[in-house]
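Shown next, in structure tokens, is the structure this report addresses.
The values are calculated or read from the model by the stated rules, or taken from the named source; none is laboratory data. Please read these numbers as outputs of a predicted model, since none were measured by experiment. Here Cβ is always computed from backbone atoms with ideal geometry, including for glycine, and neighbour counts include all displayed protein chains.
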């Protein structure tokens, strides 16, 4: 998978993921405009929403009513890093007791969580403008002048 990245201005960064554009910024205290979530906040949100997907999909595949299903993720930090992540899952009224452990195991299948359990190797390759042609910038990544939504998208 390739994710092209563009720098719309300030410390904002935009990434094209399939047909979507994800824009990040930094809090004003970090020199940003606070116009979008910070990258680490999106990372945490991806973990929480991935777990949420597996919880709701668990209910759907068993024809269980997911109305009232709730999930909140809580993190504990020490120094500059997160040391513990807890998913608080609120089951809907009438949720069958026999599925309690199974839905917890379903949440453990979250791809983001599994990548944290078995992290990939990282590599940075640097080229200069003289060494390579610039990558074509997809038309739907915001330009330097605008962080407006892509036309036709909400």
For this session: For residues that are more than 23 Å from residue 120 (Cβ to Cβ), part of a loop (DSSP other than H, G, I, E, B) and within 20 Å of the chain's Cα centre (by Cα), tally how many sit in segment 1-17.
Result: 1
Exercise. Among the residues of segment 18-57 satisfying the criterion of being farther than 26 Å from residue 85 by Cα and within 17 Å of the chain's Cα centre (by Cα), which is surrounded by the most Cβ atoms within 10 Å (Cβ to Cβ)?
Worked result: 21
Exercise. What is the one condition in (1) more than 20 Å from residue 43 (Cα to Cα); (2) touching a helix residue (DSSP H, G or I) at 6+ places or on another chain (Cβ under 9 Å) that residue 100 does not satisfy?
Worked result: (2)
Exercise. Can we say residue 75 is at pLDDT 95 or above, exposed (fewer than 11 other Cβ atoms within 10 Å of the Cβ) and not assigned by TED's automatic domain parsing to the domain that holds residue 6?
Worked result: no
Exercise. Picking from 64, 91, which residue would you name as being surrounded by 13 or more Cβ atoms within 10 Å (Cβ to Cβ) and more than 25 Å from residue 44 (Cβ to Cβ)?
Worked result: 64
For this session: Say whether the condition of being at pLDDT 95 or above, over 24 Å from residue 104 (Cα atoms) and touching a strand residue (DSSP E or B) at 6+ places or on another chain (Cβ under 7 Å) is met by at least one residue in segment 47-64.
Result: no
Problem set entry | residue 98 vs. criteria at pLDDT 95 or above, loosely packed, with under 10 Cβ neighbours inside 10 Å and farther than 30 Å from residue 7 by Cα | yes
For this session: Could you look through segment 1-11, keep only residues that are closer than 19 Å to residue 46 by Cα and in contact (Cβ under 8 Å) with a residue 12 or more places away in the chain, and pick out the one that is surrounded by the fewest Cβ atoms within 10 Å (Cβ to Cβ)?
Result: 3
